[in-house]
Amino acid sequence: MQDVHTDAVEPAIAPKLLAWYRREGRALPWRAPPGTLQDPYKVWLSEIMLQQTTVKTVTPRFIDFMRRWPDVNALARAELGDVLAAWAGLGYYARARNLHACARAVSEEHGGRLPDTEEALRALPGIGAYTSAAIAAIAFGRRASPVDGNIERVIARLFAIETPLPAAKPQIKALAAQLTPKTHAGDFAQAMMDLGAMICTPRKPACGLCPVRPSCRGFAAGLAEQLPYKAAKAERPTRRGTAFVAIREDGAVLLRERPPKGLLGGMLETPSTPWEEGPQSEAAREHAPLAASWKKLPGSVSHTFTHFHLELTVLRAEILRDVELLAAADPARCRWLGQRDLAGAALPTVMRKVLAHALDERRVASKMRDAKTPASAAPRRANRRSA
Ligand code: SF4
């Protein structure tokens, strides 16, 4: 077993977990083998991507980012719009904006090298307590203890903490710090991450396979599946709005760039009303980006953000080229985009849903029109066959 220096509350846990990590740890594209320090850029990029997002979703995106921007200076030189487009679909877009701002700060103020202490890392855009501890431990070997939701769950179970979250957070953080060994802190952090992802899972933890089961008080108390307890959450409010999908005769769609700060900042959207709680506003059509015959589509588009649920009514209009945009659309932020370019555009998931709703309905309506075409107007080939 590895020589592990610890003054931990449960000295048996760290060595067992490290030995298990060497045998069973996940091989991930941003990881170096156990026992070695990792590229700080890869650790930072992967940790930002993994916030609120699964390893399965992140893996191809991480590989794509590394191919486009192989180091922090390359990312600093990138256009924000390109970074947002590469991020599209991962959600929580403030992460992408901060990633870009952080790359610029590292490039300009730290000579292109991420700083090696938690304190200096935390001063950078988008790097909080968890990410700074993860980078400090995994990339620089510092004794730091990242605690995210997975690690919270593992610690709450290991120590049978019955105080519900979030009140239990300070206690959990203190225990995580005490459990962290003086050496191999990076491997220990990753071992905790892997234990939470593979064995000590939210539902049905595989205690029979767990390397630290003999030390686990939650298991001994028969509470493994129930912990951690959580305080009841307030229900998410519902906001409503109307999205306008204008399709030009050449198939291009009208899009608008959102303001740089705030929800989905800098991303593209179809021009829309503000999103507000309460019933849908009667005056929604006053927000239309151009004068046209707007058709309300059946159904609506739903999307859930962290703090609210959104219901969007979709209005669509087919228009001619060179139509003038109204002041309500804020024309300076608008642009027309061909449908082939939509896939690579910086469109958040909610707007992809809106476009799919509008464009799918258009295809169905067009098929129905074709099906209703009277026999006299049917194509000449059909006439020839019947002749
Ligand atoms: Fe989690 Fe079970 Fe292991 Fe305890 S014994 S840490 S509950 S998997």
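The values are calculated or read from the model by the stated rules, or taken from the named source; none is laboratory data. Please read all numbers here as calculations on a predicted model, not as lab measurements. Cβ placement follows ideal geometry from the backbone for every residue including glycine, while neighbour counts extend to all protein chains displayed. Side chains are part of the model used for accessible areas, which takes the heavy atoms of the whole protein and leaves out ligands, DNA and RNA. Shrake-Rupley method; radii C 1.70, N 1.55, O 1.52, S 1.80 Å.
Taking all protein chains as shown and a probe of 1.4 angstrom, residue 110 keeps an accessible surface of around 70 Å². Ignoring lysines fewer than eight residues from residue 233 along the same chain, the ones with Cα atoms less than 17 angstrom from its Cα are 169. With all projection directions averaged, the alpha carbon convex hull of the range 62-131 covers 4.6 nm².
Work out the charge dipole of the chain with +1 on the Cβ of Lys and Arg and -1 on the Cβ of Asp and Glu about the Cα centre, then indicate which of 356, 260, 329 is farthest towards its positive end. Most positive-ward Cα: 356. Measuring against 26 Å, Cα to Cα, the residue pairs 173/261; 42/353; 56/182; 16/204 contain 173/261; 42/353; 56/182 as the ones spanning a longer distance. Short to long, the 10 Å bins of the Cα pair-distance histogram for the range 273-361 hold 13, 44, 39, 4 percent of all pairs. Using unit Cβ charges (K, R positive; D, E negative) and no other charged atoms, how large, in debye to the nearest 20, is the dipole of the chain about its Cα centre? Using Cβ point charges on Lys, Arg, Asp and Glu, the chain gives about 1500 debye. Size of the range 142-209: Rg and Dmax of its alpha carbons, in Å, are 11.7, 33. In the chain, the longest principal axis of the Cα atoms and the axis of helix 349-371 are about 30 degrees apart. Built from the Cα atoms of the chain, the convex hull projects on average onto 26.3 nm², one quarter of its surface area. Note on the chain: helix-only mean residue ellipticity at 222 nm, from DSSP H runs of 4+ residues weighted -39500 (n - 2.57) and normalised by residue number, equals -11500 deg cm²/dmol. With kT/(6 pi eta Rh) evaluated at 10 °C and eta = 1.306 mPa s, and Rh the Kirkwood radius from Cα pairs, the range 187-275 diffuses with a coefficient of 87 µm²/s according to Stokes-Einstein.
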